[in-house]
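The next block holds one structure in the form of structure tokens; read it before the comments.
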Amino acid sequence: MVGMLLVFATAFLLVWGLVPEDLEREEIYGYRLNKRQRLLEEDDIYRVTLPVIQIFAHHIRNIPDGTLTYLDKIREDLRDKLPRSGHMGAYTPNEFLGLCCTMALGAFIFFLFLTTWMTGAPRMPVALIMGSAATYMPFLKLNSDISQRLIEIDQRLPHTMDLLVLSMNAGLDFMTALDRVVERGKEQNPDDPMIQELGVVLQELKVGTPRTDALKNLCERVQSDYLDSMVGSIIQAEKRGTPLSEVLSVQIDTIRNKRTQRVEQEASEASVKILMPLMFIFGAVIVVVVGAMILRVQNNTG
């Protein structure tokens, strides 16, 4: 008990020393700010852990660029991945690294308690190993969110483009139709990834970015094969003077056909992939049946 009290006293003094007198928080805006406000209102765990994350982020931010090469690479990688994940947790790159430190600290304390409860004494090596492993958990969640968001964008792309084509056929130009689709999409589902990306395109167009550059930026952010094909067709249509609504309609049908072909291909491959597990199951059944028969024969002869 005295040892545990000393451990907690040490942890308290350590955290107290880490808390800066003037905590600097990074400014966020746009969708990331709205998402953070919703998370603070709806998620109690997020509300409790965010101050701790921001403390770690404050110290990480004070490490200047160029001091640690691997840290600079991680920051640059996070600047690319966090927007592609839909701004996971509304974190900035430094806050995301602060989340990793918070996860490590939480896992360390949890396993310190667990080993003390199970064995009667704290197992510091086990707690250190599990705390170190927990550091990588946010990166796994980030990669999972990126993959899931890309799937949602591919699924929502034909429907969203249908709305855009309908608006253009009703007499609206591209920018006005895009504004109409984005506003209605935000009202229905503000977390729709396709609407979020089109909202970024709309903002770039409003500040004077050429349509071609805004669409190319969209492809670089999302990295979807379907979207790359559609944007390439739009750019070619602008160069040739082809009506944009006709090009979009053709591309929507093409994307739907490609998705259908992919689903059929995956369904045909499923039967082959399931063959190996079935062979193991069949072998296990044979072993159980033959083994029972052999045991019965031995018992009868004995």
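Which ones in region 251-277 are among the small types (Gly, Ala, Ser) and in contact (Cβ under 8 Å) with a residue 24 or more places away in the chain? Of everything in region 251-277, nothing turns out to be among the small types (Gly, Ala, Ser) and in contact (Cβ under 8 Å) with a residue 24 or more places away in the chain. Restricting the search to region 210-251, which residues are farther than 16 Å from PRO193 by Cβ, outside any helix (DSSP H, G or I) and at pLDDT below 85? Listed by number, the residues that qualify are GLY241, THR242, PRO243.
This table checks each residue for (1) in contact with a helix residue (DSSP H, G or I) (Cβ under 7 Å, 6 or more places away or on another chain); (2) of a type in the set (A, V, I, L, M); (3) surrounded by fewer than 20 Cβ atoms within 10 Å (Cβ to Cβ).
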| site | (1), (2), (3) |
| --- | --- |
| ALA90 | yes, yes, no |
| LEU97 | yes, yes, no |
| PRO122 | yes, no, yes |
| VAL126 | yes, yes, yes |
| ASN143 | no, no, yes |
| LEU164 | yes, yes, no |
| PHE174 | yes, no, yes |
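Considering region 71-170, the qualifying helices (runs of 4 or more DSSP H), each wholly inside and each with 3 or more residues that are of a type outside the set (Ser, Thr, Tyr), without any contact (Cβ under 8 Å) to a residue 40 or more places away in the chain and assigned by TED's automatic domain parsing to the domain that holds LEU202, run over 137-169.
Under the condition of being closer than 20 Å to GLY86 by Cα and among the β-branched types (Val, Ile, Thr), which residue from region 50-76 is surrounded by the most Cβ atoms within 10 Å (Cβ to Cβ)? Checking each candidate, the answer is ILE53. Summed over region 81-133, residues that are among the aromatic types (Phe, Trp, Tyr) and under 18 Å from ILE53 (Cβ atoms) total 4.
The values are calculated or read from the model by the stated rules, or taken from the named source; none is laboratory data. Since the model is a prediction, treat every value here as computed from it, not as a measurement. Don't worry about glycine lacking a Cβ; one is built from the backbone with ideal geometry, like all the others, and counts go over all protein chains shown.
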